[in-house]
Amino acid sequence: MKKVIVSSIGIILAAGAVSAFAGKADRENLAQCKADIESYYGDSTRTRLRSIKRSSGETHLRLMVNPKDGENTVIVCSVDNDGASTLATGDGVALTMPTAEQKVSYAK
């Protein structure tokens with residue numbers, strides 16, 4: 001019985017440590033996305049986080065954005081492992097693009 005309790009506590013602590021590291025990365029990504037949104041819409045823009053989805057190589061943050069002079073809109077901020085971020089509407093229309101040297105290569 002003691003082994004089961006000790007194992008359970010170990011698993012809980014390990015899961016907590018992993019989520020703490022993920023939380024720090026998510027907070028950094030959220031801060032970067034909010035800064036990108038404020039530079040696109042203006043400083044008086046309000047944002048609320050709706051969801052976070054992770055895939056191999058990218059984190060997608062879905063945000064509800066309320067510009068001062070506009071209507072609420074959903075923005076998806078994608079941050080890759082290198083820290084480059086892009087903004088798109090909820091429908092997938094790009095608002096910002098990463099610089100060409102980061103994403104595009106030309107083969108001759």
Out of all the residues in the range 6-24, is one or more modelled with pLDDT of 90 or more and open to solvent by less than 100 Å² (accessible area, probe 1.4 Å)? no
Taking the conditions exactly as written (farther than 20 Å from E28 by Cβ, at pLDDT 85 or above and open to solvent by 90 Å² or more (accessible area, probe 1.4 Å)), does D91 satisfy them or not? yes
Residues satisfying the stated conditions in the range 31-49, i.e. out of contact with any Pro (no Cβ under 7 Å at 6 or more places or on another chain), farther than 15 Å from A88 by Cα and either surrounded by 11 or more Cβ atoms within 10 Å (Cβ to Cβ) or basic (K, R) (or both): R46, R48
May I ask you to verify whether T59 is at pLDDT 90 or above and over 14 Å from G83 (Cα atoms)? no
The number of residues in the range 65-87 that are assigned to a strand (DSSP E or B), aliphatic (A, V, I, L, M) and free of Cβ contacts under 8 Å to residues at least 24 places away in the same chain is 1
Would a scan of the range 94-104 turn up a residue that is modelled with pLDDT under 90, surrounded by 10 or more Cβ atoms within 10 Å (Cβ to Cβ), closer than 12 Å to I37 by Cβ and among the hydroxyl-bearing types (S, T, Y)? yes
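The values are calculated or read from the model by the stated rules, or taken from the named source; none is laboratory data. Computed from a prediction, not measured in an experiment: that's the story for all the values here. Positions of Cβ are backbone-derived with ideal geometry, glycine not excepted, and every protein chain shown enters the neighbour counts. Please note that ligands, DNA and RNA were not included when accessible areas were found on the heavy atoms of the full protein model with its side chains. Shrake-Rupley method; radii C 1.70, N 1.55, O 1.52, S 1.80 Å.
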